[in-house]
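Single-structure report; data block below.
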Amino acid sequence: MISDRMLAALNKQIGLEGYASFLYLSMASWCDKEGFEGSAQFMHRQSDEEREHMLKIFHYIYEVDGHALTPSIAQAPHDFGTIREMFEEVYKHEQKVTKSIHDLVAISLEEKDHTTYQFLQWYIDEQREEEALMRSILDRIKLIGDGPQSLYYIDKEIEKINKAELAAEAAGEEV
Ligand code: FEO
């Protein structure tokens, strides 16, 4: 049995993961409109991942006899300025999610809820990997430069990263 406080906090996290999924879907659509095909594929995969993160919490809540609530999702923006600005926003959002996961861990400790504490360890690892991935993309954009002549190469780099992520997923591991 899960405490009301822990359950409410997990349901709030469902909303954050759900928003991330829609935010990244909106980014995928913007990339597609701007002609960034590789980045659109990357953001679609990220959006699907966020939906999985959300559903993982749903299933956990069922297991501990709680009630998982479908969240209301705020309208995500539709325009993201430049490809660099878009990835900066992704990185910022991932940092926000990491902080929220750490807050959940703190609550699980306060509630002496070792089951939820254990469940959250997967998210801690996942957030470390997500932040590292977004930082590496921003580093590459910095190296290549994001002037008009560089956009095609940036998109090709992101397409390559996306293929590596897909291959790692298929092999059952993270890159
Ligand atoms: Fe599920 Fe990337 O936060």
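Where a number appears in this text, it was derived from the coordinates with a stated rule and is not lab data. What you see is a predicted model; the values in this text were computed from it and never measured. Please note: Cβ atoms are built from the backbone with ideal geometry, for glycine as well, and neighbour counts cover all protein chains shown.
Among the listed residues 58, 87, 119, which satisfies the condition of being part of a helix (DSSP H, G or I) and under 21 Å from residue 34 (Cβ atoms)?
Working: 58 fails: under 21 Å from residue 34 (Cβ atoms); 119 fails: under 21 Å from residue 34 (Cβ atoms).
Exactly one of 58, 87, 119 is part of a helix (DSSP H, G or I) and under 21 Å from residue 34 (Cβ atoms), namely 87.
Just wondering, is there one or more residues in region 87-99 that are charged (D, E, K, R) and away from the ligand (no atom under 14 Å from the Cβ)?
Start the filter on region 87-99 by keeping residues that are charged (D, E, K, R), which leaves 88-89, 92, 94, 96, 99.
Still in the running and away from the ligand (no atom under 14 Å from the Cβ): 88.
Among the residues of region 87-99, at least one is charged (D, E, K, R) and away from the ligand (no atom under 14 Å from the Cβ), which makes the answer yes.
Check whether at least one residue in region 23-32 is farther than 20 Å from residue 148 by Cα, among the polar types (S, T, N, Q), in contact with a Ser or Thr (Cβ under 9 Å, 6 or more places away or on another chain) and within 11 Å of the ligand (Cβ to nearest atom), and report yes or no. Checking region 23-32: not a single residue is farther than 20 Å from residue 148 by Cα, among the polar types (S, T, N, Q), in contact with a Ser or Thr (Cβ under 9 Å, 6 or more places away or on another chain) and within 11 Å of the ligand (Cβ to nearest atom). Counting only residues that are charged (D, E, K, R) and over 16 Å from residue 105 (Cβ atoms), region 1-30 holds 1 of them. Does at least one position in region 106-123 carry a residue that is within 16 Å of the ligand (Cβ to nearest atom), crowded, with 18+ Cβ neighbours inside 10 Å and under 21 Å from residue 22 (Cα atoms)? Yes: region 106-123 contains one or more residues that are within 16 Å of the ligand (Cβ to nearest atom), crowded, with 18+ Cβ neighbours inside 10 Å and under 21 Å from residue 22 (Cα atoms).
Just one of the numbered conditions (1) loosely packed, with under 14 Cβ neighbours inside 10 Å; (2) of a type outside the set (A, V, I, L, M); (3) closer than 18 Å to residue 47 by Cα is not true of residue 126: (1).
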